[in-house]
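Engineer: Have a look at this one before I ask anything.
The values are calculated or read from the model by the stated rules, or taken from the named source; none is laboratory data. Computed from a prediction, not measured in an experiment: that's the story for all the values here. FYI the Cβ positions are ideal-geometry reconstructions off the backbone, even for glycines, and counts take in every protein chain you see.
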Amino acid sequence: MMPTASIQRDNTAEHARPLTPPCSVYAGACNRLVSGVREYSVWNRVALHRDTYLTLR
């Protein structure tokens, strides 16, 4: 697994505004993915990608 870096920033409203729409779309895709994972019990990362990529895209 690749290491993860965490960077904290002090965002102003001006900087945060353009990030809101992509964050909302990402959250929606994650929520759709979770419902599919629970319904079909697909926990393998590769199988999950194969089964859901085109639907989410």
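Engineer: Find all pairs meeting these conditions: Cβ atoms under 8 angstrom apart; at least six residues apart or on different chains; first residue within the stretch 1-22 and within 27 Å of R57 (Cα to Cα); second residue of a type in the set (A, V, I, L, M, F, W, C) and assigned to a loop (DSSP other than H, G, I, E, B).
Structural biologist: none
Engineer: Do you know which residues across the stretch 10-45 are among the polar types (S, T, N, Q) and either assigned to a helix (DSSP H, G or I) or under 14 Å from the mean Cα position of the chain (by Cα) (or both)?
Structural biologist: Quick first cut of the stretch 10-45, residues among the polar types (S, T, N, Q) only: 11-12, 20, 24, 31, 35, 41, 44.
Selection gives T20, S24, N31, S35.
Engineer: Then there is this: Do you know which residues across the stretch 3-23 are surrounded by 10 or more Cβ atoms within 10 Å (Cβ to Cβ) and not basic (K, R)?
Structural biologist: From the stretch 3-23, those surrounded by 10 or more Cβ atoms within 10 Å (Cβ to Cβ) are 11, 15-17, 19, 23; that's our starting set.
Residues satisfying the conditions are N11, H15, A16, L19, C23.
Engineer: How many residues does the stretch 43-57 hold that are among the polar types (S, T, N, Q) and either modelled with pLDDT under 80 or surrounded by 12 or more Cβ atoms within 10 Å (Cβ to Cβ) (or both)? So that I can check it myself, show each step before the final result.
Structural biologist: Looking only at the stretch 43-57, we keep the residues that are among the polar types (S, T, N, Q), and these are 44, 52, 55.
Still in the running and either modelled with pLDDT under 80 or surrounded by 12 or more Cβ atoms within 10 Å (Cβ to Cβ) (or both): 52, 55.
Residues in the stretch 43-57 being among the polar types (S, T, N, Q) and either modelled with pLDDT under 80 or surrounded by 12 or more Cβ atoms within 10 Å (Cβ to Cβ) (or both): 2 in total.
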